[in-house]
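Comments concern the structure below.
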Amino acid sequence: MRLIGMVHVAPLPGSPRWNGSMEHVVAAAVADARALVEGGLDAVLIENYGDAPFTAGRVEPATVAALAVVAAAIRRALPQATLGINVLKNDARAALAIACAVGARFIRVNVHAGAVVADQGLVQSDAYGTLRDRRLLGSDVAIFADVGGKHATPLAPVDLEQHARDLTHRGLADGLVVSGPATGAATSVGDIKRVRGAVPHVPLLVGSGATPDTAAELLSIADGLIVGTALKHDGDVNAPVDPARVRRLVAAAR
């Protein structure tokens with residue numbers, strides 16, 4: 001998966017900005033996913049982006065149910081698409097359950113090892129529960145884990161290389177994600193190189209800030225890009241996906 005596009009799902013039932021219509025939520029998500037896939041991206045990552053503020057732990061059952069409905073609608077509309085799931089802030093077990101239900105291929109986990117201080121407070125990993133759920137479900141859904149992570153600071157100082165090794169060898173992550181400090185913020189090329197050097201044979205994705213102008217350089221180091229903000233109309237993360245921007249990214253990555 002060289003290019004992964006974000007489907008930033010609108011607020012779901014129970015979240016503060018929920019607008020009362022699952023029909024509208026589903027339609028917008030399917031439209032974004034279609035623009036990404038038809039524009040040439042390899043996969044889409046479906047995320048409950050609109051549900052801020054997020055919980056530090058398990059999300060509500062209503063969130064799991066609603067996000068599963070959205071993901072299933074995208075699956076029906078794009079039956080051959082490769083899908084991923086991220087349940088914010090850090091409910092990897094819910095993401096895994098949804099992925100299994102809709103046939104998604106991977107999940108993203110923001111805190112898979114260690115603990116961070118974020119706007120949700122203290123966010124801790126649950127690799128223990130996530131890996132056992134995957135085994136019990138008989139699933140081969142891949143786990144892509146953030147090294148460091150956006151909108152968060154490690155609870156205690158942690159060496160980037162050691163964190164990458166812990167995620168891989170102790171957390172059993174299938175791939176790693178290196179991001180900038182916030183949504184849409186550029187990822188440090190130096191950080192990408194450090195993680196690549198620490199675990200050279202592990203799939204490595206850039207998790208934020210990639211643009212058509214930087215895609216080629218980033219892909220000379222990393223295996224893939226997760227792109228959201230740069231693919232939206234006027235670069236506004238809350239806007240719909242702009243097919244012209246998708247085409248420019250695909251052309252640049254080639």
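The values are calculated or read from the model by the stated rules, or taken from the named source; none is laboratory data. For clarity, every value in this text was computed on a predicted model and none was experimentally measured. Here the Cβ positions follow ideal geometry from the backbone for every residue, glycine too, while neighbour counts run over all protein chains shown. Side chains are part of the model used for accessible areas, which takes the heavy atoms of the whole protein and leaves out ligands, DNA and RNA. Shrake-Rupley method; radii C 1.70, N 1.55, O 1.52, S 1.80 Å.
Yes/no matrix, rows are residues, columns are (1) over 22 Å from G114 (Cβ atoms); (2) β-branched (V, I, T); (3) part of a loop (DSSP other than H, G, I, E, B):
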residue	(1), (2), (3)
R165	no, no, no
V177	no, yes, no
G180	no, no, yes
T183	no, yes, yes
R194	no, no, no
G197	no, no, no
V202	no, yes, yes
S208	no, no, yes
P212	yes, no, yes
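Is the range 2-19 home to any residue that is in a helix (DSSP H, G or I) and either closer than 21 Å to A230 by Cα or open to solvent by less than 10 Å² (accessible area, probe 1.4 Å) (or both)?
Kept after step one, since they are in a helix (DSSP H, G or I), are these residues of the range 2-19: none.
Among the residues of the range 2-19, not one is in a helix (DSSP H, G or I) and either closer than 21 Å to A230 by Cα or open to solvent by less than 10 Å² (accessible area, probe 1.4 Å) (or both), which makes the answer no.
If only one of I85, I98 is in contact with a helix residue (DSSP H, G or I) (Cβ under 6 Å, 6 or more places away or on another chain), assigned to a strand (DSSP E or B) and open to solvent by less than 10 Å² (accessible area, probe 1.4 Å), which one is it? Spell out the reasoning first.
Working: I98 fails: assigned to a strand (DSSP E or B).
Just one listed residue meets the conditions, I85.
May I ask you to say which residue of G20, G14, G5 is in contact (Cβ under 8 Å) with a residue 12 or more places away in the chain and on the phi > 0 side of the Ramachandran plot? Quick ask: steps written out before the conclusion?
On the way: G20 fails: in contact (Cβ under 8 Å) with a residue 12 or more places away in the chain; G5 fails: on the phi > 0 side of the Ramachandran plot.
The conditions single out G14.
Mind listing whichever residues of the range 133-155 are free of Cβ contacts under 8 Å to residues at least 40 places away in the same chain and either surrounded by fewer than 18 Cβ atoms within 10 Å (Cβ to Cβ) or hydroxyl-bearing (S, T, Y) (or both)? Reasoning before the result, please.
Restricting attention to the range 133-155, the residues satisfying the condition of being free of Cβ contacts under 8 Å to residues at least 40 places away in the same chain are 134-136, 138, 140, 142, 145, 149, 151, 153.
Correct list: R135, L136, G138, D140, T153.
All but one of (1) under 17 Å from the mean Cα position of the chain (by Cα); (2) at pLDDT 95 or above; (3) under 23 Å from D140 (Cβ atoms) hold for M1; which doesn't?
(2)
Identify, from the list V246, V206, V202, V189, the residue that is at pLDDT below 95 and surrounded by 15 or more Cβ atoms within 10 Å (Cβ to Cβ).
None of the others qualify; the one that does is V189.
Do you know which residues across the range 47-71 are more than 17 Å from the chain's Cα centre (by Cα) and in a helix (DSSP H, G or I)?
Answer for the range 47-71, where residues must be more than 17 Å from the chain's Cα centre (by Cα) and in a helix (DSSP H, G or I): P61, A62, A65, A66, V69.
Go through the range 118-159 and give me each residue that's within 19 Å of L45 (Cα to Cα) and acidic (D, E).
D140, D146 - these are the residues of the range 118-159 that are within 19 Å of L45 (Cα to Cα) and acidic (D, E).
Just to verify a result, which residue in the range 101-120, among those that are of a type outside the set (V, I, T) and open to solvent by 30 Å² or more (accessible area, probe 1.4 Å), is farthest from L36 (Cα to Cα)? First the steps, then the outcome.
Of the range 101-120, the ones of a type outside the set (V, I, T) are 101, 103-106, 108, 110, 112-115, 118-120.
Next, only the ones that are open to solvent by 30 Å² or more (accessible area, probe 1.4 Å) stay: 101, 103, 105, 114, 119-120.
Values: A101: 22, G103: 18, R105: 17, G114: 33, D119: 30, Q120: 30 Å.
Looking at residues that are of a type outside the set (V, I, T) and open to solvent by 30 Å² or more (accessible area, probe 1.4 Å), I get G114.
Applying the selection to the range 121-132, what residues are part of a strand (DSSP E or B) and open to solvent by 20 Å² or more (accessible area, probe 1.4 Å)? Talk me through it step by step, then tell me what you get.
The first filter runs over the range 121-132 and keeps only residues part of a strand (DSSP E or B), leaving 121-124.
Answer for the range 121-132, where residues must be part of a strand (DSSP E or B) and open to solvent by 20 Å² or more (accessible area, probe 1.4 Å): G121, L122, Q124.
Can you tell which of D42, D32 is in contact with a Leu (Cβ under 6 Å, 6 or more places away or on another chain) and within 23 Å of R254 (Cβ to Cβ)? Walk me through how you get there before you give the answer.
Numbers: D32 fails: in contact with a Leu (Cβ under 6 Å, 6 or more places away or on another chain).
None of the other options fit; the residue is D42.
Hey, can you tell me all the residues within the range 156-167 that are under 18 Å from L205 (Cα atoms), without any contact (Cβ under 8 Å) to a residue 40 or more places away in the chain and not small (G, A, S)?
L160, E161, Q162, R165
Evaluate the following for R170: is it more than 17 Å from V117 (Cα to Cα), free of Cβ contacts under 8 Å to residues at least 24 places away in the same chain, out of contact with any Gly (no Cβ under 7 Å at 6 or more places or on another chain) and surrounded by fewer than 17 Cβ atoms within 10 Å (Cβ to Cβ)? Step through it out loud before you land on a result.
Numbers: more than 17 Å from V117 (Cα to Cα): yes; free of Cβ contacts under 8 Å to residues at least 24 places away in the same chain: no; out of contact with any Gly (no Cβ under 7 Å at 6 or more places or on another chain): yes; surrounded by fewer than 17 Cβ atoms within 10 Å (Cβ to Cβ): yes.
Answer is no for this residue.
Taking the condition of being farther than 21 Å from P203 by Cβ and in contact with an Asp or Glu (Cβ under 6 Å, 6 or more places away or on another chain), how many residues in the range 125-150 meet it? Steps first, please.
Going residue by residue through the range 125-150, those that are farther than 21 Å from P203 by Cβ are 126, 128-129, 132-133, 136-138.
Going one step further and asking which of them are in contact with an Asp or Glu (Cβ under 6 Å, 6 or more places away or on another chain), we end up with none.
Going through the range 125-150 one residue at a time, the tally reaches 0.
Among the listed residues V44, V25, V30, V37, which satisfies the condition of being assigned to a helix (DSSP H, G or I), touching a strand residue (DSSP E or B) at 6+ places or on another chain (Cβ under 8 Å) and either in contact (Cβ under 8 Å) with a residue 40 or more places away in the chain or surrounded by fewer than 18 Cβ atoms within 10 Å (Cβ to Cβ) (or both)? Explain how you work it out, then say what you get.
Working: V44 fails: assigned to a helix (DSSP H, G or I); V25 fails: touching a strand residue (DSSP E or B) at 6+ places or on another chain (Cβ under 8 Å); V30 fails: touching a strand residue (DSSP E or B) at 6+ places or on another chain (Cβ under 8 Å).
Step by step, each of V44, V25, V30, V37 is checked, and only V37 is assigned to a helix (DSSP H, G or I), touching a strand residue (DSSP E or B) at 6+ places or on another chain (Cβ under 8 Å) and either in contact (Cβ under 8 Å) with a residue 40 or more places away in the chain or surrounded by fewer than 18 Cβ atoms within 10 Å (Cβ to Cβ) (or both).
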